Amino acid sequence: MKDGELEIKLEETVNSFLENSKGKNIEIISHFDTDGITSASIIIQALKRLDQKFSLRIIKGLNKEIINSLSKEKIILFLDLASGSLKDIEERNLKKVYIIDHHEIDSKKIPSNVEIINPELTSKQKISSSGLTYLFCKKIDERNKDLAKLAVLGMIGDMLEKEIDELNNGILEESEILRKRGLTIYPSTRPLNRVLEFSSNPFIPGVTGNPKGVFELLREAGLNPEGGKYKNLIDLTEEEMERLVTSIVLRNPEKKHKDLIGDLFLLKFFGKLEDAREISAKINACSREGRPEAAIGFCLENLEYKKKAESIHTKYKQQLISGIKFAQDQKKINGKGYIILNAKDNIKDTMIGTISSILANSPDYEKGTVIIGMGYDGKEKIKVSGRNCGRKGRNLRELLSNVMESFNGEVGGHHSAAGCVLDIKDEEEFIERIKRELELEIVKIGEHQNL
Ligand code: C5P
Ligand code: C5P
């Protein structure tokens, strides 16, 4: 059975990892998004239990330069990345490499010194890297079951909570998370007005980023403050929740009632019941603001980092809202079935992926439209993020890989969410190449449909 394959792979890799790493120093390299940070937080707690020496590096993305800087003496453990860099890893001739990841693999050939846990190779299950890291650590020691909630935060960070299968369900059960049906705008544990003002998924026209619009919507839904304070989402009655959802749908007709309703996940964090989506957003904000140590400290529930994470998140949310406004007002390249937003230095490289996801989720574009967002990373590089609206359409990792064959830079990702980095000097040529590629595909899809 397919699920069994992953199970066997986990077992084998854990055995090899424990044997090879005994008494050695492990260098962990993890990705800077919520899934990468939670993966790292899980493994470091498991390694501490083993009294194992390690060092940790959190990076935006893996490239040849980083690979070539790795020590040939150490055991290397990549989390939530590296599946797209197997060739570069092979060339570096490292001593022993472990990879726990869920991104698409770039090469059929796995180098002999590499052991990799990635469902893309076996069952193709949709699971976060933190989920895989958790399963890995549970095999090391059953006590690591207490780290399950971090795996759930990573899953939510990668928006994989919508299709929960048996494997993910098992992790959810072990995490002792409370699940409740409702409007998935977060944090459900805070007053409604603040929550709506910062709602980016869904983006509510006239309401997101507009406090006056928020009050109008709430009045219209018959939701009034009590004692000067609006209720928390989680405390609304079913009828109040219905009215609120109806008012949101009226402003965002593309969103169906059912798109807004889903599972809310509540978990104990720093001793208080919190909305998992909010915790996940805080982790993401810290890391993207260049403060991965705060993100990790926060995941480890270290009090020193609680306030820091909160203030970084507040600043990040404001930047995000102004980025969304920029993206809406800015002239875009409007092709047949695709949109290119070249934000240059108006949207940071660390935010362009999130903004592209928000555009892909907005009611303005048809399902299957490809969104290409571009933002500068300082003066030399451009970060490109590709997203499929409605997660339908063509394989964006393949699309970007094809285009990037003509340029210097790294590519990676999934079918409907992929990214790459290129030199600023190639900006215009890249846009021309990607336009050609996208238009070519439309022709191909058209031909295919005619068959
Ligand atoms: O860095 P990374 O994988 O984790 O990027 C996360 C992005 O990829 C999110 O936008 C998430 O929705 C998307 N994703 C996806 N398919 C997957 C996993 C993640 O589209 N299987
Ligand atoms: O950065 P962005 O959110 O657009 O990335 C989308 C997906 O592509 C993520 O899963 C990310 O990890 C992956 N990616 C990658 N290599 C890159 C850029 C993005 O694997 N150079």
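Near the amide H of ILE75, within less than 5 Å, lie the amide hydrogens of ASN25, GLU27, all on another chain or at least 5 residues away, with H placed in the peptide plane.
Taking 20 Å as the straight-line reach from the Cα of LYS307, the lysines in range (excluding those fewer than 8 positions away in the same chain) are LYS268, LYS272, LYS282, LYS315, LYS317. Phi angles across the stretch 177-194 convert, under the Karplus curve 6.51 cos²θ - 1.76 cosθ + 1.60 with θ = phi - 60°, into 3J(HN,Hα) values of 7, 8, 10, 9, 6, x, 5, 8, 6, 10, x, 5, 9, 10, x, 3, 5, 5 Hz, Gly and Pro given as x.
In straight Cα distance, which lysines are under 19 Å from LYS109, not counting same-chain residues fewer than 8 positions off? Result set, ordered by chain and number: LYS9, LYS64, LYS87, LYS95, LYS96, LYS124.
The figure for ARG179 is an accessible area of roughly 100 square angstrom, using a 1.4 Å probe on the protein chains alone.
Across the stretch 127-143, computed HN-Hα scalar couplings (Karplus, 6.51 cos²θ - 1.76 cosθ + 1.60, θ = phi - 60°) run 9, 6, 5, 5, x, 5, 5, 5, 4, 4, 6, 5, 6, 5, 7, 4, 4 Hz from first to last residue, x flagging Gly and Pro. Taking the 1.4 Å solvent-accessible surface of the stretch 331-450 as the whole, the part contributed by carbon and sulfur is 47%. Surface calculation, 1.4 Å probe, protein heavy atoms: PHE326 sits at approximately 50 Å² accessible. Taking all protein chains together, ARG397, ARG49 sort by accessible area into ARG49, ARG397, largest first [probe 1.4 Å]. The portion of the accessible surface of the stretch 193-327 made up by carbon and sulfur, rounded to a whole percent, is 52 (1.4 Å probe; DNA, RNA and ligands excluded). When the inverse distances between all different Cα atoms of the chain are averaged and flipped, the Kirkwood radius reads 22.9 angstrom. Taking θ as phi - 60° and the Karplus parameters 6.51, -1.76 and 1.60, the scalar couplings of the stretch 346-362 work out to 7, 10, 5, 4, 7, 10, 5, x, 5, 5, 5, 5, 5, 4, 5, 8, 7 Hz in sequence order, x denoting glycine and proline. Counting heavy atoms of the protein chains alone, GLU73 has an accessible area of about 130 Å² for a 1.4 Å probe.
Summed over the residues of the chain and divided among them, the accessible surface reaches 46 Å² per residue at a probe radius of 1.4 Å. In the stretch 48-139, the portion of solvent-accessible area held by carbon and sulfur atoms comes to 45 percent [1.4 Å probe, whole percent, DNA, RNA and ligands not counted].
The local environment of LEU218, defined by Cβ-Cβ distances under 13 Å, has a net charge of +2 under the rule Lys, Arg +1 and Asp, Glu -1.
Dipole magnitude for the stretch 331-450: about 460 debye, using +1 per Lys or Arg Cβ and -1 per Asp or Glu Cβ, origin at the Cα centre.
Please work out the FRET efficiency for the pair SER406 and ASP345, using the Cβ-Cβ distance as r and a Förster radius of 30 Å; give the result to the nearest 0.05. Given R0 = 30 Å and the Cβ-Cβ separation, E is 0.80.
The values are calculated or read from the model by the stated rules, or taken from the named source; none is laboratory data. Owing to the predicted nature of the structure, the values given are computational and were not obtained by experimental measurement. Note that we place each Cβ from the backbone using ideal geometry, even for glycine, and neighbour counts take in every protein chain shown. Keep in mind that these areas ignore ligands, DNA and RNA; they rest on the heavy atoms of the full protein, side chains included. Shrake-Rupley method; radii C 1.70, N 1.55, O 1.52, S 1.80 Å.
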